[in-house]
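For reference, the structure discussed in these notes is given below.
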Amino acid sequence: MRLSFYLFFLLIISTLGCTESKTESQEIPSESFRNEVAATEVRVATAERKSFDYLINATGKLEALSEVKALVEREGYLEKVQVLEGQFVQKGQVIATLDRREAEFALEKAQINLTKAQSELEVLKAQFQLALESKDPQVVKTVQERIRVNSGLSLAEVELKEAELNLARCEVRAPVAGRIANIKFKEGSLVTKNAEFAEILSTDQLLLRVKVLESDVPLISSNQKAEIYPISDPQNALEGRVIAVNPKVDENGLVQVTLSLNSAKNLLPGMNARAIIRAPQSNSLVVPKDAVVYRSGRAVVFTVEGGKESKWNYVEVGRDNGREIEVLEGITENSTVITTNNLQLAHQAPVQIVTE
């Protein structure tokens, strides 16, 4: 009985001791736990109000400034192709010829008819000599016109011009200066009138047509600078400028913008290229893009308070250019923002600024 009482007494003492220890542990201030957590090393930057280059990215295909079709102007057999694809030609240069024999026969016939009509004209002049010597200029003019018509000279002259034109049409000439592309026929082919023989491309100056979002159109204007990166040489930018903005929005909410390139060296029409159009924005509050993280779909920027702990700030962001981003509201100018180790950072977490 005495042993049981002794054990019961020990149990009561141990229970009270545990309760007291638990109470003491709950009374330890939370600040003590925060001091025990190692500070997160972070790099920082300053939220600045400055000019901000918004970059509009778009892709498209290069085009020749001028793309003109060289047409065959009469039906016939293609006798000779005088150019190769890629060859540069001058305006008016002969690039192909058709079989000329039929046209030459027609020209010879027209010349014979003209000679015959001229002889008939001399006969009629002799018959109407008195009328041609009239002192009335109007009478003389009327008689001369009738003699030309009745002799067949007027018609013969028209037929000769037509024959000469048909002979000239046996030659296919370049309508503009440029490089030959897409030759459609080989020598010996029978071609029809107005058939397309080839294209002439003015490759000394190229255009790039791209599609941009309709929301970006107010930021684009004529003569605005752009950087062009051909897929064939993506590391080196070519200078370009905006020359036209289509006033119509397509069914996908996109607008076509045309840019000219200052250099077309080693480039060909049809090549793919990327354009970056710079749209400067003045007086914007800007932070490095790495300073913005997203929590539950909302943008957050952590700032440093008192040089020792982080502060969670919900922000509204604007445009970004890949390196910097606009902050429309949520932090103030000259705030110290955290740019590293902020993905898992918590509010009021201890931080240590690293400057190296």
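So which residues in the range 240-269 are exposed (fewer than 13 other Cβ atoms within 10 Å of the Cβ) and not small (Gly, Ala, Ser)?
Correct list: PRO247, LYS248, ASP250, GLU251, ASN252, ASN262, LYS265, ASN266.
Among the residues that make up the range 41-61, is at least one of them small (Gly, Ala, Ser), assigned to a strand (DSSP E or B) and closer than 22 Å to SER260 by Cα? Please lay out each step first, then the result.
Filtering the range 41-61 down to residues small (Gly, Ala, Ser) leaves 45, 47, 51, 58, 60.
From the residues that got through so far, the ones that are assigned to a strand (DSSP E or B) too are 45, 51, 58, 60.
Those still in the list that are closer than 22 Å to SER260 by Cα too: 58, 60.
The answer is yes, given that some residue of the range 41-61 is small (Gly, Ala, Ser), assigned to a strand (DSSP E or B) and closer than 22 Å to SER260 by Cα.
I'd like to check something: does the range 74-87 contain any residue that is in a helix (DSSP H, G or I), surrounded by 13 or more Cβ atoms within 10 Å (Cβ to Cβ) and in contact (Cβ under 8 Å) with a residue 40 or more places away in the chain? I'd like the intermediate steps shown before the answer.
Taking the range 74-87 and keeping what is in a helix (DSSP H, G or I), we get none.
So far as the range 74-87 goes, no, none of its residues is in a helix (DSSP H, G or I), surrounded by 13 or more Cβ atoms within 10 Å (Cβ to Cβ) and in contact (Cβ under 8 Å) with a residue 40 or more places away in the chain.
For the range 270-355, which fully contained strands (runs of 3 or more DSSP E) count at least 3 residues that are modelled with pLDDT of 90 or more and open to solvent by 60 Å² or more (accessible area, probe 1.4 Å)? If you could, list the steps in order and put the result at the bottom.
Numbers: elements: 272-288, 292-295, 298-305, 309-314, 316-320, 324-329, 336-338, 351-353.
Hits in the range 270-355: 309-314.
Just checking, how many residues over the range 40-54 are loosely packed, with under 15 Cβ neighbours inside 10 Å and not acidic (Asp, Glu)?
Residues meeting the conditions: 4.
Only one of (1) surrounded by fewer than 19 Cβ atoms within 10 Å (Cβ to Cβ); (2) touching a helix residue (DSSP H, G or I) at 6+ places or on another chain (Cβ under 7 Å); (3) closer than 21 Å to SER189 by Cα; (4) not basic (Lys, Arg) fails for ALA106. Which number is that?
So ALA106 meets the others, but not (3).
Given GLU120, GLU133, which one is open to solvent by 50 Å² or more (accessible area, probe 1.4 Å) and in contact with a helix residue (DSSP H, G or I) (Cβ under 7 Å, 6 or more places away or on another chain)? Walk me through how you get there before you give the answer.
Numbers: GLU133 fails: in contact with a helix residue (DSSP H, G or I) (Cβ under 7 Å, 6 or more places away or on another chain).
Every option except GLU120 fails the conditions.
Rundown of residues vs (1) closer than 13 Å to GLU48 by Cα; (2) touching a Lys or Arg at 6+ places or on another chain (Cβ under 8 Å), yes/no style:
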| position | (1), (2) |
| --- | --- |
| SER282 | yes, no |
| PRO288 | yes, yes |
| VAL292 | no, no |
| ARG298 | no, no |
| VAL304 | no, yes |
| GLY307 | no, no |
| SER310 | no, no |
| ILE338 | no, yes |
| ASN342 | no, no |
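With the condition being open to solvent by less than 40 Å² (accessible area, probe 1.4 Å), I'd like the strands (runs of 3 or more DSSP E) fully within the range 141-228 carrying at least 2 qualifying residues.
Numbers: elements: 171-173, 178-181, 196-201, 206-213.
Strands (runs of 3 or more DSSP E) meeting the threshold: 178-181, 196-201, 206-213.
Output the qualifying pairs, or none if there are none: Cβ atoms under 9 angstrom, residues six or more apart or on different chains, first residue in the range 28-55 and more than 18 Å from THR355 (Cα to Cα) and among the hydroxyl-bearing types (Ser, Thr, Tyr), second residue modelled with pLDDT of 55 or more and not in a strand (DSSP E or B).
Every condition considered, the pairs that remain are TYR54/ASP216; TYR54/LEU219; TYR54/ASN321.
Could you check GLU145 against (1) of a type in the set (Asp, Glu); (2) more than 17 Å from ALA70 (Cα to Cα); (3) touching a Lys or Arg at 6+ places or on another chain (Cβ under 7 Å) and say which number it fails?
(3)
The values are calculated or read from the model by the stated rules, or taken from the named source; none is laboratory data. Computed from a predicted model, the values in this text were never measured in an experiment. Methodologically, a virtual Cβ is constructed for each residue, glycine included, from the backbone with ideal geometry; neighbour enumeration extends over all protein chains shown. Ligands, DNA and RNA are excluded from the accessible area calculation, which covers all protein heavy atoms including side chains. Shrake-Rupley method; radii C 1.70, N 1.55, O 1.52, S 1.80 Å.
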